[in-house]
Every structure is written in C-alpha cells, then in structure tokens.
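For reference, the structure is listed below as structure tokens.
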Amino acid sequence: MADTLFLIDTYSLLFQVFHAIPTMTSPQGQPTNALYGITRDLQNIIRDHQPTHLICALEGAGPATRNDLYPAYKANRSETPPDLKAQIPRLFELIEAYNIPCINVAGWEADDVIATLSRQAAAAGMDVRIVTSDKDARQLITPQVRLYNTRKNTFMTEKELADDWGIRPDQVIDFQALVGDSVDNVPGVPLVGPKKAKILLEQFDTLENVLANADQAKGAKLQQNLKEFAEQALLSRQLVTLNQELPLDVDFEAARVTEPNREKLLELFQEFGFRRFSEEIQPAVENKVEQTWEIIDTPAKFEPWFKKFQEQQEFCVDLETTSLTALQADIVGWAFCWEANHGYYLPVNSPGSAHLDADLVASKFKPILEDPTVSKINQNIKYDMLVLRKIDIHLQGVSIDPMVGDYLLDAGARSHGLDALAMKYLNHKMIPISDLIGKGKQQKKMFEVEVDQAAEYAAEDATISLQIAHRVKQELEQENLWDLYWDLERPLISVLVEMESNGIKVLPDELREQSEQLKERLFELEIDIYKIAGQEFNIGSPKQLREILFDKLNLPVIKRTKTGPSTDQEVLEQLATEHELPAKLIEQRQLSKLKSTYLDALPNLVHPQTGKIHASFNQVVAATGRLSSSDPNLQNIPVRSEEGRRIRKAFVPSEEGWALVCFDYSQIELRMLAHFCGDPALMTAFSSGEDIHATVAAEIFHTIPEEVSSDMRRVAKAVNFGVIYGQSPYGLAAALKIPQDEAADFIKRYFERFADVEEYLFSILVECEKQGYVSTIMGRRRIITGVNPVRHKQRNLSDRTAINTVIQGSAADLIKKSMIECSDMLKETNFPARLLLQIHDELVFETPVEKIEELANLVRGKMENAIPLTVPLVVDMKSGPDWYSVEAE
C-alpha cells in the first residue's frame, strides 16, 4: 500500500475553525477556539485516516508575487481579527509538539507550496490528500491527489469535481479565470458565473478557445464581455494558477508521522483548558496514593472510635448519599479522616445487616459538628452542610474547602472537582463512581453498593480531600490569598447554605396558566408566520426556513454556515429591518424558549415537601468571582420582555403577611470604575447624586444635562457600559442600530471627555502584561496572558477579559461581602427575614410587611458600607407581594 501524505493548508483551516467555533477562553483568558478546532481536526485526521506523512503549508514572508501581476489581488481581505491573531504563535507550538514540519517559501502562498509538494509526492509514488477549503486546489486533483473537507469528512476526486462544477481538473484554472473569485479579488469576466463557465468550457474546452470563439457565445452582452475583458481573463488565469515548481527540496521522511511530544502537548492542553484532550494524552499514573481504611459498622467498634474522634480538633468529613441533589439526599454512610492516608467509613444504610443506627450516629455527631472551634474540611463542603441540615445538624467551623481554595488560586481552570485536583496536586487518579454503581439502566443506588466497596471509595474521598486541603492552604498563604479565602469565600459558604436551604416559594399553577396563555400566543404567531410566508412549513427546520427566507422571499444572505445561509438570531435581527417575517420568527423563538425553559420546566423543580425552588449557587464557576446559579438558573430569567418578567409573578413569599424585598446596587460597575480611575467628572456626578448617563450624555454631546434627550441618554448608557469592556465601534453600532462611524465618534468623544478612564483601563493592561494577572478590590486574582497594551486600538479578548475581571470581579467581591454582613446581622438580631436569592448585584429577601422599612434600614446600612469607596454606594429598595410586582414597582 502506498504511503499517504496529508498536506494541510494551515491558515485556511485556522480561519475556518475560528469562525465556526464560538468564543472559547483558556484559564488565563486567552482566546482558544481556533486552537481547539485545529487540535480536534489534527486528532481526527491522525486517528481516522492514519496518514503516513503530514506537512503544514504556510504563507511565505515578504511581498506576494501575485501582487506584482495585479496590485489589487486579495485587496478585499479584511484584517485578521485580534482574537485570531493572538492564537497564531501558540498554533506553531502546537504543530511543533505534534512533530509536524511546517514549510513555506518567501513571496508565495501556502497553495503554491501545496501544489509543489503535491506534485513531488505523487512523483515519489505517494497518495496525497490536501486539507483545504480553497477552490484553487481543485486544479491539483489527479487519480493520486484528492481534496479533503474536514467539516464534512469527505474527499473530492475527479468525479465529485465533475458533479459540482461539471469540468475536469485541467479545466479548473480556465473555469476560475472566467468566473473570478471575490474572496481573492480575482476579476474574471463580468456576467460569467459558474453555469455559463461550465457551458463555455463544454463547448470550447479551453479558455483560449472560448476567447477565440467569443462570437459564438450565447447572448450579445456575453459576446461583448468575452472580447472586452479577454486580457482580464488571461490575467485572472495567471493569478489562480498555482506554482508547482517552487524551489523545494523536501525530505519526506522527516514528515513521517511519529509519536508526538506528549509532555509538551499535555502542557499546552492544560494551559489552553482542553480537558478532554488532556485526559486522552495523560500518561498513566504511576504513583497512586497508598491509603488504608477501617469500617466502623457495629456499636462495639463505634464506641472506642468515637472517643478518639472526640479528641480531634480538625478532620475531614464526607457523606455518601442517595442523591446528587442535597435537599433530596439521605445519608448512606459517613467518611472521616484526620491523619494522612487513613480513613474511616461508618455505614448507616447498606445492603447487609452490618451498619450503625443512623439516628444514634447523628445525635452523637451533632455537638461536634456544630462546635465552631473544631475545624471541618471537605471538598465542596456546602453539599454536606445542606444534607446535614435535613437531620437538624447545622455544621459550623468550616475550615478549608479545597474546591474553593483552588478556585482562588486558578479562577479560570476548567474544573475544580476532586478528580481534577487529585491529579493536579497529587498526580492521583480517583476511583470512578461508575466502578461502584455502574451505568445506564443497571445503575445501582449508593445504598445498594456493598460496604467494602463503598468504604474504599468514601475513605479515598476523605483522605485525598484532607491532603489537598493542606496543599491548597500552603499555596493560598504563599500567594497572599489566604485572607481572601478566610474572610470572604469561606464564610460565604455558610451564607449560601442558608440561602439555598431557604429557597423561594413558587406557584406552579401560575406558571401553568402562563404556559397555556403562551401556547395560544404561539399558535397565533404560527398562523401569522405561515400567512406572511405564503405557505406552511416547519418553523424549527433551518433548511425549510432558509428556503423561505432566501429562495422564496429573496432576502439577502448575511452569513453562511457549512450547511448553507445562516438563520441565527443575529441574522434574523438584521433581516427584520427589511421584512416582517424575521421579526415574527424572532418573537416565536423567544416565546417558545420561555415556555420550554421556564414555564414548563420550573414546576418540575419545585421541592415536593417545601413547595419551593432551591436553586444552587456556585462559587467556583465564573472566573470573575461572580456567583452562578443552576438547577434552575434563576439569574437568567429574561426581564427585557413582558412575558419574561411575568414569570417572576409565580415567585412569592413563603408566609402569609410577608413580602419580597429586593435590594439592588445602583450602577455598581460604573461606581467601581470611578473609584479606581478617579476621573473628576465621574466622581463629581456620583458624589452629587446626578444621573450618570445624563451627565455622560451632556459631555459627549456638548450640551447641558437639562438638554439631554432620551435618545442621547440611551447612547450614553450604551457607551458607559460598552467601552469599559472594550466594545468596538462595530459592536456599539449594532447595539444602537447606528452607523459604525457614528459609533466610533461617540467612543472617541467619550475618552476625550473622560481621559482618566482610558488611562486607567490602559494601566490595567500594562500591569497585567507585567505581572501575568489582574486583581480585584479585595485581592482576587485571575491569571491572564495575551494582553496587548497599545493605546487607541481594538481590544482583543484577553484585553477585554482583564478589564472585565477587575471591574466586574470587584463588584462581585462587594456583593459577597454584603451577603455575609447581612446574614450575620439577621442572625445577631434574630430579625424575622430570610435571604432568598442573589441575582448579580441584587439581593432578594422575604420579611413581614410591617418590617419592610426596618429591614431596609438595616440592609442598606450593611450594603452601602460593605467596602468603603471614594464614591458613595447607593442601594435601591423595592418590595411587593411577588417578584414581578417588586420589579414592576
């Protein structure tokens, strides 16, 4: 069997995957979507097609030879996006780690390198597969040479070329000379598209014959163009003809596929945050941590063990339970550890008869677990605390949670789970839970697992968590992050336990009624859509929707995907200005999502015993420091539409005579910005209680605040929030639906009038580049690489991430501090109120109606003084009988 050489058009593939894959970031905040796509494609090629040889072809340095022929060649190409440009240096590290050679020739394009190598390899008896989306490469097709499409996983041979263009490979350059290429700015012949070019070449075979027989072409205008633009056609052919004779003397043996540099790849994958690729290439673990454990399953064993346990001032406690949902879980067994590599397992529910009495164990443990002077450690200890509350144990004395500590050390890491931390800190692979309970339909419950197996698994969790906790503490102290952990994140764990346990009461009947109303509205919308479209079709089918929008209605194609013209939200929003159908489709999609995601799903999440939704609030997901909400995500309930806001009508106080009370920081991120940058105009506006958006509008429109219109204020508000995070003129123009040059002018004027803002934002980038991380107001850090501190330029993703982390992360510090202080205040004063939710900059409480004003005074006092700023903090308060009424007040 012949050797097979895969030739990769590197930048062509890079651009493809960059635009095809949504934004991804590494733990350090670098853009990584193109790197991910290249890695995936390389892995697939090597695994699925098993090439014997691989070469990456690149553009050569220096002036392009074709520009000497035609200066306008590729003049239409837009500048490389900053977030793609930032990934190119890392691309070369990746390719080098795969031991794939890169080849280029000065002045020539990658296509020419591929053409030459293709000819040479075929002459040496090799089969060649060209990985490219560039149509120029079709001229290289022979029985030995095929093109490979990574997106479709298909090969193009002479047959597929004939099916697509109706020509032979030797006719490709003549075909392209007639048709031209708008991407590369190859002019071609006006009025000649693919169909006419195919007919002409069928009739006359070559470009020379086509031009020589122009009078025989069909149509007077076509005849005229073939004569008038004959020289242009010949020039176009020169431009599209690939050079197969570059001076390349390649040792193909050096391109033979070998084992990659696994250590380097693992290092890169971990740096980029490619967890799956890291796991696939992770070398086998040699130094599995040795551990021992004891099973305490009888009263005779329990009594002496318990005496020893009572003497401990620090231990790890880990629960094995019946459910991953804490408030629905029952305890199967208790695991403890207080000495390295030795754990204890106490079963209270097992398939055999040998287990302890659950109530007796709980009553014995209660005073110790509730003693704040005894330190408790565990991975994700919030879960265990919630489970323990079900049996009336309110755990106190939380010490180190490795998950939360590691998050402070490496906020951008993809995972802070125990499996990941065990590998990271101990190079130890944990026992998979599937080893105990299996998978699929035959999966067991934890209480059905034999005690010996459960004991090994549980003891490992406890012993490994304890070891990691001590390592994490050392690193937190070394990095000056211990105070942030101990004073902010650690006490927040108990606040979240209280908040999640409280939950918020939800009325399922209200949600079902709204769902029925929305069902009727959606039915009416579908009738309207069919009427406007002139036919019925499957609204959920992108293919049928494309046919309606672009074939039947002839609306312009905004962008394409690999399957055809895109019909995504952004496209529909642009098309909605030209036709009423896209606007109706947008409304239909939004309402349909509201119905399925919230109105139909939320009733199923109401706890059967409490009648409440107990959402989970996670400390270790958002790299900025913000909390995230899940099961369900209550932070994402849409509030921009009336239908979205009405969902909140189902959220009510849990007791008669009580009300919901919401406290919201006013423009906290802008106040943080003013505090950090010290811009006099912003400081004055906030200190005097002015409308900050009106103030900014007056400055950028050169008027007085009294003359500011609602449209001016809208622009200023968008600029205020947009430019902080590096919004480009394009982004601002899209948000405000104004011309791009007008948006650019607004941004320019903003930074002219608020020069200290720009100076401060620039200083964040300079400092980040210097030290490799940014910090928030309370010292939270995020490692970020790839920033580019250049003034007056479009910011790349790393730049935007750095600035966003400082501003938004500082706001997150503030709200967390407020939550702790408010919670402490409620406990100390025994005030009849409960903290129910945190929605970014807002806290939601419930309290008796007659206590609203008193609560307002207490909470405002805590929130407005949680962290002293150089500008005043302002907290808005609203109350009502349900969450909708509060927001509508």
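Quick one: dipole size for the chain, taken about the Cα centre, charges +1 on Lys/Arg Cβ and -1 on Asp/Glu Cβ, in debye to the nearest 20. Working shown, then result.
Values: 94 positive and 133 negative charges, 300 e Å.
Dipole about the Cα centre, nearest 20: 1440 debye.
Taking amide H positions as modeled 1.01 Å from N, with prolines and chain starts lacking one, the residues under 5 Å from residue 317 and 5 or more places away or on another chain are 377. Treating region 168-291 as a set of equal point scatterers at the Cα positions, no solvent, please give the Debye-formula log₁₀ I(q)/I(0) at q = 0.12 Å⁻¹. Summing over Cα pairs of region 168-291 leads to -0.62.
Listed cross-link partners 649/816; 439/505; 595/817; 817/851 are compared with a 29 Å cut-off, the Cα-Cα value being larger for 439/505; 595/817. Kirkwood Rh over Cα pairs of region 677-783 into Stokes-Einstein at 25 °C, 0.890 mPa s: D in µm²/s? Taking Rh from Cα pairs, D becomes 165 µm²/s. The largest-to-smallest principal axis extents of the Cα set in the chain are 102, 74, 57 Å.
Can you tell me how much longer the chain between residue 360 and residue 427 gets when fully stretched, taken as 0.36 nm per residue apart minus their C-alpha distance, in nm with one decimal?
Full extension from residue 360 to residue 427 adds 20.3 nm.
Taken along the Cα-to-beta-carbon direction at a fixed 7 Å, the label points for residue 537 and residue 569 span 2.2 nm. Helical runs assigned H by DSSP (4 residues or longer) give the chain a calculated mean residue ellipticity at 222 nm of -14000 deg cm²/dmol, each run adding -39500 (n - 2.57) before division by the residue total. Under 17 Å of direct C-alpha separation, and excluding same-chain neighbours fewer than eight residues apart, residue 584 reaches these aspartates and glutamates: 520, 524, 526, 528, 536, 547, 568, 570, 573, 642, 643. Extending 7 Å from Cα along the Cβ direction at residue 610 and again at residue 312 yields two label points whose distance is 2.8 nm.
Highest mean packing comes first when the peptides 165-177, 482-494 are listed by Cβ atoms within 10 Å, giving 165-177, 482-494.
Tell me, what is the percent relative contact order of the chain, built from C-alpha pairs under 8 Å that lie six or more residues apart?
Values: 1431 pairs, mean separation 93.6, N = 889.
Result for the chain is 11 percent.
The per residue volume of the convex hull around the alpha-carbon atoms of region 4-255 is 134 Å³. Of 746, 537, the sequence from fewest to most neighbouring Cβ atoms within 10 angstrom is 537, 746.
Given a Förster distance of 41 angstrom, what is the FRET efficiency for residue 290 paired with residue 630, based on the Cβ-Cβ distance and rounded to 0.05?
Details: r = 36 Å, r/R0 = 0.88.
Efficiency for this residue pair is about 0.70.
With the simple model of a label 7 Å out from the Cα in the direction of the Cβ, residue 600 to residue 78 spans 3.7 nm.
Work through the residues other than residue 705 whose Cβ is under 9 Å from its Cβ and net out their charges, Lys, Arg +1 and Asp, Glu -1.
-4
Laboratory data are not the source of any read-out in this text; all were calculated from the coordinates shown. What you see is a predicted model, and the numbers here were worked out from it, not measured in a lab. Cβ sites come from the backbone with ideal geometry, for glycine too, and all protein chains shown count toward neighbours.
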